[in-house]
Amino acid sequence: MDRIDRKILVALQENANISVAELADRVGLSQTPCWKRVQRLEASEIILKRVALVAPEKIGLGLTIFVEVETANHSNDWLRSFAETVSAMPEVMEFYRMAGDVDYMLRVVVPDMAGYNDFYTRLIASVPLKKVTARFAMEKLKFTTAYHIQVEEPAARVGRPAA
């Protein structure tokens, strides 16, 4: 991936609906080579997909909860069952296996406390769990889906020996 590919990624993360002509202009290419680069980035699964971002509160999903799960069972069968069950729950927006004292972390979005109670009831009934801790988000201070992509190569640091 070169500097132009990184510039394409930065632009598409800002607006995936940008026209090929505008994208090409932004990155300093003509349209055909630019489009071929985008296709290559998609084929290599650097660009996974293009989506519309929706304001959850405007569609009645105003409560975000970070759910920490601890389990006493770490078998492959348990993990497979838990992962299938949690992945099928539409309230779960993100689902991670963690290192440290928490085994799994979920980001859950629901309309309200009753919605969370319904989710929680289904979660604890799905597979045996040791502990479930919920942390309710009071205010979203930052949200982005764009990864920081350094377009230019970092300059060599003066006074530091090369590795």
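Between D2 and K130, the C-beta separation translates, for a Förster distance of 41 Å, into a calculated FRET efficiency of about 0.30.
Which percent of the Cα-Cα distances in region 3-43 go past 14 Å? Let's see the in-between values first.
On the way: 277 of 820 pairs.
Cα-Cα pairs in region 3-43 separated by more than 14 Å: 34 percent.
Shown in residue order for region 77-87 are the 3J(HN,Hα) couplings computed by the Karplus curve 6.51 cos²θ - 1.76 cosθ + 1.60 at θ = phi - 60°: 5, 4, 4, 4, 5, 5, 4, 5, 5, 5, 4 Hz (x for Gly and Pro). In the chain, helical runs assigned H by DSSP with n ≥ 4 each contribute -39500 (n - 2.57); averaged across all residues and rounded to the nearest 500, the mean residue ellipticity at 222 nm is -11000 deg cm²/dmol. Modelled this way, with points 7 Å down the Cα-to-C-beta line, the labels at N15 and K49 are 2.4 nm from one another. Computed about the Cα centre, the dipole magnitude for the chain is approximately 440 debye when only Lys and Arg (+1) and Asp and Glu (-1) carry charge, each at its Cβ. For the chain, the relative contact order works out to 28 percent when only alpha carbon pairs closer than 8 Å and six or more residues apart are counted.
Below 8 Å, C-alpha to C-alpha, sequence gap of six or more: please give me the relative contact order for region 56-136 in percent.
Working: 113 pairs, mean separation 39.2, N = 81.
Value for region 56-136: 48 percent.
With R₀ fixed at 30 Å, the C-beta to C-beta distance from Y147 to K58 puts the FRET efficiency at about 0.75. Taking one quarter of the surface of the C-alpha convex hull of region 56-136 gives a mean projected area of 5.0 nm².
Distance from a point 7 Å along Cα→Cβ of M98 to each backbone N in region 114-138: keep the residues under 20 Å and list them by number. Hits in region 114-138 for M98 at 20 Å: 116-117, 119-138.
Can you give the Kirkwood hydrodynamic radius for the chain, in Å, rounded to one decimal and based on Cα pairs? Intermediate results must be reported in sequence, preceding the final value.
Numbers: mean 1/r = 0.0514 Å⁻¹.
This gives a value of 19.4 Å.
Between E84 and E70, the simple spin-label model (points 7 angstrom out along Cα→Cβ) gives 2.8 nm.
Taken together, the values in this text are just the output of simple stated rules run on the coordinates, not laboratory data. Treat the numbers as computed from the prediction; the structure is a model and nothing was measured. All Cβ positions, even for glycine, are placed from backbone atoms using ideal geometry, and neighbour counts span all protein chains on display.
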